[in-house]
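Inspection log for the structure reproduced underneath, given as structure tokens.
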Amino acid sequence: MGAVPRVARVLKHEAANIPLPPGQVAGLVLDVVLDRLHPVPVAGDRVRRRAAGLALVMAGAGLTGWAVSERRRETAGSFQLGHPEGLVTTGPYAVSRHPMYLGWWLIHTGVAVNRGSAWALATLPLGMVVEHLGALWEESMLRQRFGEAYADYERDVPRYIGSPARLMRTSFQIARRPTPAATAIDDPTAAPTAQTGSRL
């Protein structure tokens, strides 16, 4: 009997760490319901549309998964998505302060394109407004918690996405950034540093 509650606790903990922005979840459900009640189809080749939709969903899921993975990697203790331990500025967080929102916007768009539903023209923006308000609240909390470090991060990294030139420049800088292992090899006297925690 002891194993069952233990497994239940693990599942509950992991479920709480799945990023499910309410605006996009509600928007997707509403999009499906409206499409069934009153379909508003999108013109175009069905095969190409479905392929494009699948590609968008995969890109969004990949970005969201990468962000969660980076948060886990930079967490020293028990990982809790809604309770960051430290400021994460690496991985997708080096080019966007809210990569999980971006990922879900791509997922929402991809589902709509795959289904050929024009209702997403209404449900996606509504969900984005809800997420934007949430992002503003999150940033105010992070600003209070991390102070000057977060102010510097806000100045250097766009809230959602910057210009293509900025993305290319930032990606190049990330690629050239030395890893902790390489830094330790270059400087054998450097003491190992503990990983910082996560950030929303």
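Which chymotrypsin sites (Phe, Trp or Tyr not before Pro) does segment 63-113 hold that lie in a coil by DSSP with at most 16 other beta carbons within 10 Å?
Nothing satisfies the criteria.
So what is the diffusion coefficient of segment 17-104 in µm² per second by Stokes-Einstein at 20 °C and 1.002 mPa s, using a Kirkwood Rh over Cα pairs?
For these conditions, the coefficient is 141 µm²/s.
What distance in nm lies between label points placed 7 Å from Cα along the C-beta direction at Asp152 and Ala76?
It is 1.8 nm.
Read-outs throughout are calculated quantities, based only on the coordinates presented, and are distinct from any laboratory measurement. Just so we're clear, the structure is a prediction, and the values are computed from it rather than from any experiment. Every residue, glycine among them, receives a Cβ derived from its backbone with ideal geometry; neighbour counts consider all protein chains shown.
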